[in-house]
Amino acid sequence: MMKNGILTFLFAFCPGAGQMYQGYMKRGLSLITMFCLFIMAGALTGLDPLIVGCLIVWMYSFFDTYDLIRYLVAGDPKPDGFLLPPDWQNQLGGAKTKMTPKMNKVIGWCLLLTGAYVMYDRVIWPIVESIFVQLGIHWSM
């Protein structure tokens with residue numbers, strides 16, 4: 001069933017909403033989650049490269065909406081699924097998501113390093129800087 005073209009265009013501007021409007025709920029949920037995680041991580045760490053990640057997810061989402069429509073019109077719709085690397089999904093059940101132990105370690109180390117950086121940047125460095133100011137040590141960066 002063809003959807004309204006104007007609504008599709010408007011929903012395509014919100015990452016994941018265009019996919020959800022076309023009936024791809026898992027795909028849309030994956031995109032909006034990635035977009036929000038980039039924004040949250042960028043806000044917590046203050047790193048500008050994460051903003052680039054937001055733009056990449058936004059552009060991918062916009063053009064993916066129209067790619068899905070192209071497949072729907074051709075009569076060969078893409079299957080709905082979460083946007084995860086192929087080895088993360090359980091191939092037997094399809095609905096369950098399974099991460100390999102190797103990937104758990106990578107994700108754990110990334111989260112640990114991100115937490116350590118945020119702790120240093122938001123807690124430790126301000127304390128050290130205030131101690132330096134109290135001692136009369138000033139420098140410019």
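Give me a count of the residues in the range 70-104 that are farther than 18 Å from S30 by Cβ and modelled with pLDDT of 55 or more.
Qualifying residue count for the region: 10.
If only one of G46, G5, G81 is under 27 Å from R122 (Cα atoms) and either without any contact (Cβ under 8 Å) to a residue 40 or more places away in the chain or open to solvent by less than 70 Å² (accessible area, probe 1.4 Å) (or both), which one is it?
Among G46, G5, G81, only G46 is under 27 Å from R122 (Cα atoms) and either without any contact (Cβ under 8 Å) to a residue 40 or more places away in the chain or open to solvent by less than 70 Å² (accessible area, probe 1.4 Å) (or both).
For I51, all conditions in the list (1) modelled with pLDDT under 85; (2) out of contact with any helix residue (DSSP H, G or I) (no Cβ under 6 Å at 6 or more places or on another chain); (3) surrounded by fewer than 14 Cβ atoms within 10 Å (Cβ to Cβ) hold save one; what is the number of the exception?
It fails just one condition, (2).
Give F62, F35 a once-over and let me know the one that is open to solvent by less than 50 Å² (accessible area, probe 1.4 Å), of a type outside the set (K, R), farther than 20 Å from N4 by Cβ and touching a helix residue (DSSP H, G or I) at 6+ places or on another chain (Cβ under 7 Å).
Of F62, F35, the one residue that is open to solvent by less than 50 Å² (accessible area, probe 1.4 Å), of a type outside the set (K, R), farther than 20 Å from N4 by Cβ and touching a helix residue (DSSP H, G or I) at 6+ places or on another chain (Cβ under 7 Å) is F35.
The values are calculated or read from the model by the stated rules, or taken from the named source; none is laboratory data. All values derive from a computational prediction rather than experimental measurement. So basically every Cβ, Gly included, is an ideal-geometry build from the backbone, and we count neighbours across all protein chains shown. Surface areas here come from the heavy atoms of the whole protein model, side chains and all, with no ligands, DNA or RNA. Shrake-Rupley method; radii C 1.70, N 1.55, O 1.52, S 1.80 Å.
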